[in-house]
Amino acid sequence: MITVSEILNKQELSKEDIIYLLSITSKEEHDALIKKAYSVKESYLGKNDYLRGLIELSNQCKKNCLYCGIRAENSKVSRYSISDEEVLQVTEFALKNKFTGIVLQSGEQSNAHFTKRITELIIKIKKITYPEFRITLSLGEQSFETYKEWFDAGAQRYLLRIESSGEELYNKIHPDNELHDYKTRLQCLENIQKVGYQTGTGVMIGLPFQTIENLADDLLFLKKMNIDMAGMGPYIEHTDTPLYKHKDLLLPILERFNLSLRMIAILRIMMPDINIVSTTALQSIVPMGRERGLKAGANVLMPNLTPGKYRSSYLLYENKACIDEEADECLDCLANRVKMIGEEIAYSEDGDSKHFTLRNRISLEFNEKRLS
Ligand code: 5AD
Ligand code: SF4
Ligand code: FES
């Protein structure tokens, strides 16, 4: 029978190998996988982690994803939208604290007014920052033209999780209507890449109905899509959502946590030079969850810079970490935590995914050759 160390020495992991690694139950084997992933991170990226400041712009959302606490039909949520002035203040804070970028995230809104507002906001942010300061968007599904307009205004990265790369499971966790169409999601992701963004996607781990084979397919999907960034985290049930009724199907929360670490570790081995986020959802389960994510191969942290008064209204899931803290409290806390595990925050670099930089260089050289 094949052993974990034999699999970890392979050049390329097959679907069977991935399934084997995801199914590990012994602590020794789990630890060996995590250790291997960390050594890959160290040799490709060093012991450096990037910081992005997360701004949760608005919890208004037109969608009704069955797992999400801020879905449109959840009438218990009080809806907010942060003003441009507040966003600029947060950006100043990020600059002062040597962040090299921010992430603008919001519930999904798509209309001409929203598109224009974001375009203008990007331009305002560009005006008060320096050229290498990166703006990442996580604003859901939009038209090709909108993605292009925001890119041309100065945003360089886009995150859109596929949530599950399997159409059947995707359909089980979303309402059955045009607004929640798997093929549209996929098309959006392709459009984001086509526009030229550094592209990030990811999945939730430990969903009801999800199998280990689904998760192996997810990892192969990320590799096939040749993504630059990944954000994957455990699914955490929320009482006021339709998916909650399937809570008895869920793995115990700590198993979901460990499975998430193994997903991160395997992805790091499969795609050594991409950026992988250690998500807040990990932290919400285990107090040192995000640090454990970094030790499993993740290299990006997204501390929440949303002004404190809005934080408790952006609860995608329950028991979310850091909702009672203000941005500066999280910053001090995070810097200490990263030091504690023997790593450093890379303040001076732009934090671009090495994968993206390399990918771009190769296509530039290719074009130059073609033209010469
Ligand atoms: N548990 C974990 N992650 C969730 N998200 C939404 N709801 C939940 C939940 N209950 C994630 C989705 C979405 C991202 C912004 O938050 O993956 O893309
Ligand atoms: Fe809206 Fe995103 Fe939540 Fe879906 S996951 S309901 S699109 S905020
Ligand atoms: Fe938010 Fe520690 S990172 S309180």
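Every number here is computed from the coordinates shown, using simple stated rules; none is lab data. Values in this document were obtained by computation on a predicted structure and should not be read as measured data. Every residue, glycine among them, receives a Cβ derived from its backbone with ideal geometry; neighbour counts consider all protein chains shown.
Based on the alpha-carbon gyration tensor of segment 265-372 and its eigenvalue square roots a ≥ b ≥ c, which shape applies: rounded if a/c is under 1.5, prolate if not and a/b is larger than b/c, or oblate?
Prolate shape, in that a/c is at least 1.5 and a/b is the bigger ratio.
Before rounding to the nearest 500, sum -39500 (n - 2.57) across all DSSP H runs of length at least 4 in the chain and divide by the residue total; then give [θ] at 222 nm in deg cm²/dmol.
Taken over the chain, the calculation gives -14000 deg cm²/dmol.
Would you please classify the overall shape of the chain from the alpha carbon gyration tensor, given that a ≥ b ≥ c denote the square roots of the eigenvalues, rounded means a/c under 1.5, and beyond that prolate means a/b larger than b/c while oblate covers the rest?
Values: a/c = 1.30, a/b = 1.15, b/c = 1.14.
Rounded, since a/c falls under 1.5.
If I model a spin label at Glu325 and Ile128 as a point 7 Å from the Cα along the Cα→Cβ vector, what separation in nanometres do I get?
2.3
Pick from Met270, Met288, Met232 the residue whose mean-square fluctuation is largest in a GNM of the chain, springs joining Cα atoms under 10 Å.
It is Met288.
I need the shape label for segment 226-322. Rule: rounded when a/c is under 1.5, else prolate if a/b > b/c, else oblate, with a, b, c from the alpha carbon gyration tensor. All intermediate terms of the calculation are to be shown ahead of the outcome.
Working: a/c = 1.97, a/b = 1.29, b/c = 1.53.
It comes out oblate by the Cα gyration axes.
Which whole DSSP H helices in the chain pass both tests: a Cα extent of 24 Å or more along the axis and a mean Kyte-Doolittle value no lower than 1.0?
Values: long enough: 27-45 (26 Å, -0.90); 112-128 (25 Å, 0.16); 253-270 (26 Å, 1.13); 354-371 (26 Å, -1.03).
Helices meeting the span and hydropathy rule in the chain are 253-270.
Pop the C-beta distance of Lys10 and Arg361 into the FRET formula with R0 = 25 Å and round what comes out to the nearest 0.05.
Details: r = 28 Å, r/R0 = 1.10.
Result of the calculation: an efficiency of 0.35.
Kindly state, to the nearest 0.05, the FRET efficiency for Glu86 paired with Lys47, given R0 = 41 Å and r defined as their beta-carbon distance.
Values: r = 34 Å, r/R0 = 0.84.
It comes out at approximately 0.75.
If we count other beta carbons within 10 Å of each Cβ, what is the order of Leu169, Leu334, fewest first? Kindly include the intermediate steps, with their values, before the conclusion.
Numbers: Leu169 22, Leu334 18.
If I rank by nearby Cβ atoms, fewest first, I get Leu334, Leu169.
Could you calculate the contour length gain from Glu349 to Ser26, that is, 0.36 nm times the residue separation minus the distance between their Cα atoms, to one decimal place in nm? Could you put the intermediate results ahead of the total?
Details: separation 323, 0.36 × 323 = 116.28 nm, distance 3.84 nm.
Gain on stretching Glu349 to Ser26: 112.4 nm.
As a footprinting exposure proxy, order Leu259, Leu250 by other Cβ within 10 Å, with the fewest listed first. Don't jump to the answer; show the numbers that get you there.
Values: Leu259 21, Leu250 18.
Starting with the residue having the fewest Cβ neighbours, the order is Leu250, Leu259.
So for Leu301, Leu88, fewest C-beta neighbours within 10 Å to most, what's the order?
Values: Leu301 25, Leu88 16.
Ordered from fewest to most neighbouring Cβ atoms within 10 Å, Leu301, Leu88 come out as Leu88, Leu301.
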